[in-house]
Amino acid sequence: MKILKQILKIVFALIALLVLSLLIIVWVDASRTNYLDINKNEPISNNSYLISNVNIIPMNKDTVLLDKMVYIKDGVIEKLADTIKVNGVQIFNGESKYLTPGLIDMHVHVWDRYELGLYLSNGVTAVRNLWGMPMHLRIKEDVIEENIFSPSFFTTGPKLTGSEFIGDDNLNLTNPREAKEKIIEYKESSYDFIKTYYGLDKAIFDAVIEQAKISEMDIVAHPSQKVPFSYHLHSQIKSIEHAEEIVQQPLQFDLDQRKLQSIIDSISKSKHTNYCPTITVFNNIYQMMMNDSILDSDSLKYMNPLIKMDDSKRQFDRWFNAKQNDPKTVDRIKSQHDFHLTIVKKLHKAGVPIICGTDGGIGVTLPGSSIHKELAFYKEAGLSNYEILKTATVNASRTHEIMNQLGTIEEGKVANLLVVDENPLDNLSSLRKPTYVFVNGRKLNRETLDSFDEKAKNRKNLIATALRYLENLIVEK
Ligand SMILES: [Zn+2]
């Protein structure tokens, strides 16, 4: 008995030690991103400015307002005019540069707080996170309470999936009641939107729509293959994700322009549906196949280390093997990518609002900088610079009521703004690495933004990320 007691003691001590070390790992990781903390006593926390001598791209119409002044009061655009007189406010000379609304990435997967800095550095001042976990609710709370520098943060709940197994993020909803309970639970937890995913059959799908309506939650749909594509044109669904889902589902990989047109027509008839094509993440399959050492490239150092070790590697191996087994795969993927550009072109022509999303954070799709790739693809698809900038500003902000305060430079809107050297309507690449980023009226200069990049590079938070992911699996099951 005495020996047994001793063994139990040792076991308990070991468990306690393990839990303690895990807590320390999470705590250390949290303290490493404290460079994003807003210290209310420091000048950087000031959120009232008078911007003078600046050219405004307001994005509520296709125009440039030359040589204006902007008064930002407590993080909100209070006034735009030729001259504004206010006392006791810090003046920022715009030096004839251009002021645009901050960019919005409508499809991201955030794994840690370092990524928040990466988004800001690349001019992204709002994100819609599409795979919600408890850690995202904590980020959201810190953003709302203005504790940290971060893009405005919106998140869906965990993905709603059907009964068949699709991976460890699977919820295995087997009946309509379970689906409704999840939505009520997500609403109570203060997730912003519902994300539907693969495998929802008609009964569950209908229940999701019914409950989302009652709970007043917008749905973001990764189309389910178990119901017709047309089901996703319901008014409760505010955006449909991924151009490739049109190819995979209604077109069954038949890259036929005529068939495509009839699908586009049906989308455009449902006036409430926005489309988020995420061209970048699919194109990255092609990029992976074209570059055998992509995982060792410098840019991949900005990926979360757990994702890089697991998801990026798995995706790379999958397409590397596919290429080895059938060299034609490369051409097939490239043709499908080109077809996605046709989809964007046709959607735009049919009047469907396109919203810019990247799938940043997974595979080899970098958080932050990917938005500039995505915008460049819309250019290739034939959109004008103004129409392209709309996808990442006003189109995005109009998608959900809770985002309406973003996306344009108008009185009453949130002061999420970029200061860039050149007119982005002439040259979109001027949006890369803005000279200044205003987020909630707080001004970050290039030096600070570059330091956010530097801190995120080669970060060593693999175990902390795994623990947060584990938390999600425990909470959700
Ligand atoms: Zn995604």
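The values are calculated or read from the model by the stated rules, or taken from the named source; none is laboratory data. For clarity, every value in this text was computed on a predicted model and none was experimentally measured. Here the Cβ positions follow ideal geometry from the backbone for every residue, glycine too, while neighbour counts run over all protein chains shown.
Here is how the numbers come out for the structure above:
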read-out	value
Restricting the range 156-167 to residues that are touching a residue at least 40 places away in the same chain (Cβ under 8 Å) and either within 16 Å of the ligand (Cβ to nearest atom) or within 29 Å of LYS443 (Cα to Cα) (or both), the residue that is surrounded by the fewest Cβ atoms within 10 Å (Cβ to Cβ)	LYS159
Elements of type helices (runs of 4 or more DSSP H) in the range 372-456, at least 3 residues being surrounded by fewer than 21 Cβ atoms within 10 Å (Cβ to Cβ)	385-391, 446-456
Neighbours by Cβ (under 9 Å, 6+ apart or cross-chain): first from the range 112-130, in contact (Cβ under 8 Å) with a residue 60 or more places away in the chain; second within 16 Å of the ligand (Cβ to nearest atom) and among the basic types (Lys, Arg)	LEU130/LYS159; LEU130/LYS195
All positions within the range 48-82 that are assigned to a loop (DSSP other than H, G, I, E, B) and either small (Gly, Ala, Ser) or under 21 Å from GLY123 (Cα atoms) (or both)	SER48, ILE57, PRO58, MET59, ASN60, LYS61, ASP62, THR63, VAL64, ASP74, GLY75
Whichever residue in the range 65-85 is loosely packed, with under 14 Cβ neighbours inside 10 Å and among the hydrophobic types (A, V, I, L, M, F, W, C) and, among such residues, is nearest to VAL420 (Cα to Cα)	LEU66
Residue satisfying all of: in the range 214-246; among the aliphatic types (A, V, I, L, M), in contact with a helix residue (DSSP H, G or I) (Cβ under 8 Å, 6 or more places away or on another chain) and over 18 Å from ALA350 (Cα atoms); surrounded by the most Cβ atoms within 10 Å (Cβ to Cβ) among these	ALA221
Flag if SER268 is in contact (Cβ under 8 Å) with a residue 60 or more places away in the chain, among the hydroxyl-bearing types (Ser, Thr, Tyr) and in a strand (DSSP E or B)	no
Selection from the range 443-470 of residues that are basic (Lys, Arg) and out of contact with any strand residue (DSSP E or B) (no Cβ under 9 Å at 6 or more places or on another chain)	LYS455, LYS457, ARG459, LYS460, ARG468
Among (1) β-branched (Val, Ile, Thr); (2) within 16 Å of the ligand (Cβ to nearest atom); (3) in contact with a Ser or Thr (Cβ under 6 Å, 6 or more places away or on another chain) - the single one VAL419 does not satisfy	(2)
Residue count, the range 177-215 (criterion: under 20 Å from MET133 (Cα atoms) and among the acidic types (Asp, Glu))	5
Count - residues of the range 83-114 that are part of a strand (DSSP E or B), more than 16 Å from the ligand (Cβ to nearest atom), touching a helix residue (DSSP H, G or I) at 6+ places or on another chain (Cβ under 9 Å) and not aliphatic (A, V, I, L, M)	4
Only listed residue being part of a helix (DSSP H, G or I), within 16 Å of the ligand (Cβ to nearest atom) and modelled with pLDDT of 95 or more, chosen from ARG332, ARG314, ARG318	ARG314
Residues located in the range 202-224, provided they are within 16 Å of the ligand (Cβ to nearest atom) and either assigned to a helix (DSSP H, G or I) or over 19 Å from THR399 (Cα atoms) (or both)	SER224
Among residues of the range 122-148, those that are closer than 18 Å to ILE44 by Cα and either within 16 Å of the ligand (Cβ to nearest atom) or surrounded by fewer than 24 Cβ atoms within 10 Å (Cβ to Cβ) (or both), counted	7
Residue identified as of a type in the set (S, T, N, Q), touching a residue at least 24 places away in the same chain (Cβ under 8 Å) and within 16 Å of the ligand (Cβ to nearest atom) among THR280, THR273	THR280
Residues located in the range 226-248, provided they are under 16 Å from PRO277 (Cα atoms), away from the ligand (no atom under 16 Å from the Cβ) and assigned to a loop (DSSP other than H, G, I, E, B)	none
The one condition in (1) within 16 Å of the ligand (Cβ to nearest atom); (2) within 30 Å of LEU470 (Cα to Cα); (3) surrounded by fewer than 19 Cβ atoms within 10 Å (Cβ to Cβ); (4) not aromatic (Phe, Trp, Tyr) that MET303 fails to fulfil	(3)
Subset of the range 24-41 [at pLDDT 90 or above and assigned to a loop (DSSP other than H, G, I, E, B)]	THR33, ILE38, ASN39
